[in-house]
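Structure first, then comments.
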Amino acid sequence: MALLPILCYPDPKLHTVARPVQSVDGRIQALIADMLETMYDANGIGLAATQVNVHERLIVIDVSEQRNEPMVLINPEITWVSPEKQVNDEGCLSVPGIYDGVERATAIKVSALDGSGQSRTIEAEGLLAVCIQHEMDHLMGKVFVEYLSPLKRNRIKTKMLKKR
Ligand code: NI
């Protein structure tokens with residue numbers, strides 16, 4: 001296993017649209033192990049392959065208190081969203097130190113393959129629903145700061161570039 005470097009906003013590679021995973025083979029399983037290690041090491045609750053510069057539809061998540069309930073979603077597709085929406089503060093390992101409000105559906109249903117390639121349906125609400133929507137945006141090349149006003153986004157961009 002290995003820690004993977006995480007791309008930082010405004011790296012243009014974060015705007016790459018991911019392709020579907022073709023098969024859940026040894027290469028993907030090694031990537032999953034590395035992504036989980038990288039997510040836990042960075043104290044994140046979710047990580048999309050896009051953020052480690054692999055442009056395939058794969059995300060890992062753990063929203064548990066104990067940090068011992070890893071979830072793997074491969075080729076996730078949202079099949080239902082609740083009409084109810086809510087604004088929650090979000091952060092992102094690719095935009096360290098920045099937290100701001102984003103409106104998301106409060107509940108969703110998602111179909112995906114798990115880490116062993118089994119098809120499953122996930123009904124998520126609360127933090128898990130927010131996290132899945134945030135990570136799935138990454139797979140489409142979208143970073144959460146793109147929901148904010150241009151003024152805020154530019155301020156964040158400047159801050160991130162200065163930090164680099
Ligand atoms: Ni993120």
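Data table
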read-out: Lone unmet requirement of (1) loosely packed, with under 12 Cβ neighbours inside 10 Å; (2) in contact with a strand residue (DSSP E or B) (Cβ under 9 Å, 6 or more places away or on another chain) for Gln66; value: (2)
read-out: Residues (in a helix (DSSP H, G or I), surrounded by fewer than 19 Cβ atoms within 10 Å (Cβ to Cβ) and more than 15 Å from the chain's Cα centre (by Cα)) located in region 1-30; value: Pro12, Gly26, Arg27, Gln29, Ala30
read-out: Unmet criterion (only one of (1) more than 20 Å from Leu31 (Cα to Cα); (2) touching a His at 6+ places or on another chain (Cβ under 9 Å); (3) within 11 Å of the ligand (Cβ to nearest atom)) for Pro96; value: (2)
read-out: Flag for Glu135 being within 19 Å of Leu36 (Cβ to Cβ), among the acidic types (Asp, Glu) and either within 14 Å of the ligand (Cβ to nearest atom) or not in a helix (DSSP H, G or I) (or both); value: yes
read-out: Any hit, region 45-64, residues being free of Cβ contacts under 8 Å to residues at least 40 places away in the same chain and over 15 Å from the mean Cα position of the chain (by Cα); value: yes
read-out: Region 145-158 residues that are free of Cβ contacts under 8 Å to residues at least 12 places away in the same chain and in a helix (DSSP H, G or I), paired with ones that are aliphatic (A, V, I, L, M) and surrounded by 13 or more Cβ atoms within 10 Å (Cβ to Cβ) (beta carbon under 7 Å, 6 or more apart); value: Arg153/Val145
read-out: Conditions (1) within 14 Å of the ligand (Cβ to nearest atom); (2) over 21 Å from Leu7 (Cα atoms); (3) surrounded by fewer than 15 Cβ atoms within 10 Å (Cβ to Cβ); number of the one not met by Glu146; value: (2)
read-out: Residues being touching a residue at least 40 places away in the same chain (Cβ under 8 Å) and either of a type in the set (Asp, Glu) or in a strand (DSSP E or B) (or both) - total across region 86-109; value: 5
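Throughout, read-outs are computed from the coordinates displayed, never taken from laboratory work. Remember, predicted model here, so these are calculated numbers, not experimental data. With ideal geometry, Cβ positions are generated from the backbone for all residues, glycine too; neighbour counts draw on all protein chains shown.
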